[in-house]
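> Right, I'll just put the structure down here and ask away after.
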Amino acid sequence: MTIARQDHPHWIPEAWAHLEQRRAERRAAGITFLPDWCVRQDRRAAAARPSPRTLHVEVGRFSAWLDGPDITALLDAVGITERLRDHGRWMVPADRADDVMSWAEWRERRIVTCADVDR
């Protein structure tokens with residue numbers, strides 16, 4: 001349902017004139033995106049959402065356990081062939097954990113967290 005501007009309860013021609021001018025400028029420039037308030041609202045919502053690209057590493061004495069999405073592709077990119085699937089998580093040698101963390105943080109822009117464990 002569309003309401004004509006003059007029937008809108010807050011219709012004040014002077015207040016709406018800048019909107020009409022902005023729409024005309026956009027049409028003349030060939031810009032077809034959403035109004036500013038929609039774009040700003042989407043940007044705020046996107047900034048508030050946490051990134052799904054995270055990596056949590058638990059480092060033990062000899063092994064490190066990796067939690068996060070798409071770990072196999074990460075290990076392939078780093079070039080780690082010494083890996084083992086352990087209770088639903090990937091396990092790599094502890095001396096290679098820093099390579100994985102630095103690659104994930106620098107190259108893939110993941111949020112990396114690390115914890116020491118005693119196992």
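Where a number appears in this text, it was derived from the coordinates with a stated rule and is not lab data. Worth saying up front: this structure is predicted, and the values here are computed from it rather than measured. Note that we place each Cβ from the backbone using ideal geometry, even for glycine, and neighbour counts take in every protein chain shown.
> Dipole of the range 54-116, Cα-centred, from +1 at each Lys and Arg C-beta and -1 at each Asp and Glu C-beta, to the nearest 20 debye? Show your work: numbers first, answer last.
Numbers: 8 positive and 12 negative charges, 20 e Å.
Around 100 debye, computed over the range 54-116.
> When DSSP assigns beta bridges and you keep just the ones with both residues in the range 54-116, what percent turn out antiparallel, to the nearest 5? All intermediate terms of the calculation are to be shown ahead of the outcome.
Working: 11 of 17 bridges.
Around 65 percent of the beta bridges assigned by DSSP in the range 54-116 are antiparallel ones.
> If you don't mind, another one. In what sequence, highest mean first, do 54-63, 107-116, 17-26 appear when ranked by Cβ atoms within 10 angstrom?
Details: 54-63: 15.8, 107-116: 13.0, 17-26: 10.8.
So the peptides 54-63, 107-116, 17-26, ranked by packing, come out 54-63, 107-116, 17-26.
> Next question, about the same structure. Return the long-range amide H neighbours of T54 (sequence gap of 5 or more, or a different chain), with a cut-off of under 5 Å between placed amide H atoms.
I111
> Quick check: from the Cα gyration tensor, does the range 54-116 come out rounded (a/c under 1.5), prolate or oblate? Provide the component values of the computation, followed by the final result.
Values: a/c = 1.38, a/b = 1.23, b/c = 1.13.
Rounded shape, in that the Cα axes give a/c under 1.5.
> From the phi angles alone, apply the Karplus equation (6.51, -1.76, 1.60; θ = phi - 60°) to the range 69-86 and give each ³J(HN,Hα) in whole Hz, x where the residue is Gly or Pro.
x, 6, 6, 4, 5, 5, 5, 5, 5, 6, x, 8, 9, 7, 9, 8, 7, 10
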